[in-house]
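Asks: Questions regarding the structure given below will be posed in turn.
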Amino acid sequence: MRGRNPAGHVIPLPSPPPAPCSLLSHYSLMFALSSCIQGGQQEESLSTSVLVRLFVLSCSSENQELRIMAAKPKLYYFDGRGRMESVRWLLAAAGVEFEEVLLETAEELQNLIKDGQLMYQQLPMVEIDGMKMVQTRAILRYIAGKYNLYGKDLKEQVLIDMYVEGMKELSDLIMLVPSAALEDWEKSVNFVTEKATQRYLPVYEKALKDQGKNYLVGNQLTWADVFLLEVILMVEECKSDALSAFPKLQEFKAAISKLPRIQKFLQPGSPRKPPMDEANLKAVEKIFNLEKGLLLKHSTVVLVDL
Ligand SMILES: N[C@@H](CCC(=O)N[C@@H](CS)C(=O)NCC(=O)O)C(=O)O
């Protein structure tokens, strides 16, 4: 590769590295720089200043890129589990520290919307690697992929997706239980635990049995395992003995809970959120300007439809 200095003289430049690599590109620039300085001629000193500028520019843009990549992810949501909880779990399992911006008012949400920060005017939003990510499962897929929790090939990935989609259906059902009216509460809990024990948990019990290890897919921890533990604990909050007919799930729960990062996340004081309560629901209604009881109506529809 060749370049020209402002006086029109050709400057030989070392070929760029095949892939972006900060050390190599710095090396190339320094190499070109030192050959100019050694030449000691007038026109070459002009090219020196160009190269010095290029070098400084490359350092600063790479530093900026490094700063962006090194910054902690920032999670925008309200102070409750909701859709963000799985993101908290997955980051914790990946050993990634994060910051949280917990919204309290409708005005704060409107400000984010006005600033154009929320693609669909919805939360969750996660600021990560210089992007403002929305859509929960897109966020989760990115984190799983980035931190090697998304299988080794397409076949493992689709299996992880199949498990995760089922877990999402179940966790959506459970998430709506706290919004059920008091008189329907027991009915909702029974409905959810029946779905869990009849439809979803048997799938994961069989998968673990077939695998012969405490991972749903492949030979190492994946997003599916992290989500399964989250969902198991949610089901047990509805029915403490929900795993009694599932020996493999009991074994799995014990093994995954002992992984150091997960163990840390399960300790009090971690960013893990408690189950939604009346106060959380009120906060949600306030932030999203929901008509009172809208969640309840929604939950009744979902519970009846399934
Ligand atoms: N498909 C979206 C749904 C996001 C969503 O419905 N978020 C709720 C809060 S949990 C929201 O922002 N609702 C306000 C609205 O939709 O206007 C996702 O999975 O992230």
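We did not get these values from a lab; they are worked out from the coordinates using the rules stated. Here the structure is a predicted model, which is why all the values come from computation and not from measurement. Heads up, the Cβs are rebuilt from the backbone with ideal geometry, glycines too, and the neighbour counts pull from every protein chain shown.
Asks: Taking amide hydrogens as modeled 1.01 Å from N in the peptide plane, which residues meet the under 5 Å criterion relative to Asp79, leaving out close sequence neighbours?
Replies: Under 5 Å from the amide H of Asp79: Leu103.
Asks: Using the beta-carbon distance between Arg137 and Glu107 and R0 = 41 Å, what value does 1/(1 + (r/R0)^6) give for FRET efficiency, to the nearest 0.05?
Replies: For R0 = 41 Å, the calculated efficiency reads 0.90.
Asks: While we're on this one: Could you work out how far apart the two model spin labels at Arg261 and Lys282 are, taking each label as a point 7 Å from the Cα in the direction of the beta carbon, and quote it in nm?
Replies: About 3.7 nm separates the two model spin labels.
Asks: Let's test the formula: R0 of 35 Å, r as the Cβ-Cβ distance of Ser244 and Asn219. What FRET efficiency results, to the nearest 0.05?
Replies: 0.75
Asks: What is the extension gain from Asn289 to Asp172, computed as 0.36 nm multiplied by their sequence separation minus the C-alpha to C-alpha distance, in nm to one decimal?
Replies: Length gained, Asn289 through Asp172: 40.0 nm.
Asks: For segment 72-221, what is the percent of antiparallel DSSP beta bridges, rounded to the nearest 5?
Replies: For segment 72-221, the DSSP antiparallel bridge percentage is about 60.
Asks: Given a Förster radius of 25 Å and the C-beta distance between Gln117 and Ala71 as r, what FRET efficiency does 1/(1 + (r/R0)^6) yield to the nearest 0.05?
Replies: 0.95
Asks: Now for a separate question. Need the full-extension length gain, Glu165 to Glu100, defined as separation in residues times 0.36 nm minus the C-alpha distance. One decimal, nm.
Replies: 20.8 nm
Asks: Quick one: if you take sqrt(5λ) for each eigenvalue of the C-alpha gyration tensor of segment 145-251, what semi-axes come out, biggest first, whole angstrom?
Replies: In descending order, the three semi-axes are 27, 15, 10 Å.
Asks: Working out 0.36 nm times the residue gap between Asn63 and Val189, then minus their Cα-Cα distance, what length gain in nm do you get to one decimal?
Replies: 40.2 nm
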